[in-house]
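Everything below concerns the one structure shown next.
Rule-based calculations on the coordinates, nothing more; no lab input. From a predicted model like this one, the values you see are computed outputs, not experimental measurements. Cβ placement follows ideal geometry from the backbone for every residue including glycine, while neighbour counts extend to all protein chains displayed.
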Amino acid sequence: MSRAPRSIELPGASHKAPIPAAARVGDLLCSSGIAGKDAATGQLPPDDAAQAANAFLNLDRLLEAGGATLADVARLTVYVKDDAAREAVNAEWLRRFPDAADRPARHVLVYDLQHGMRLQLEFIAVASRPRPTSLPA
């Protein structure tokens, strides 16, 4: 019996290193670091707000590629280069999780991110549906 490949790539937002953007084993879906790259250009904008918006869009796309939704996210870890980036992260967080009674666990760490990254996301989710056969645009 063959099993579906566990690695999930995301065009325009995957890593340059030989690691997948996410992996799914059974219903468990875990991401690698999700940067605030613009998926159309592969570039990082210089400001917190644009990187946060892009990172959460990439999170949305990666969840979809793994057969999950925001409702399936159990934990979100956020790395910020500077504590000031929390404002931009919180804006995107509240847009996606407006109900205080229905949010995943979240942890924010100040970390010396490189390559122009102002922030980075990681998630753990329990996928509620099979992986799609094609990646989201």
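Grab the other residues whose beta carbon is less than 11 angstrom from that of Pro104, score K and R as +1, D and E as -1, and report the net. Let's see the in-between values first.
Details: positive: Arg75, Arg96, Arg103, Arg106; negative: Asp72, Asp102.
Every neighbour counted, the sum reads +2.
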Check each of the trypsin sites (Lys or Arg not before Pro) in segment 1-65 and keep only those in coil by DSSP with at most 10 other C-beta atoms within 10 angstrom; list them in order. Arg3, Lys16
How many percent of DSSP beta bridges within the chain run antiparallel, rounded to 5? 75
Calculating percent of Cα pairs over 18 Å apart from this structure picks out, from [x] 55; [y] 51; [z] 66, entry [y]
Nearest-ten-degree value, helix 86-96 long axis tilted from longest Cα axis of the chain: 40
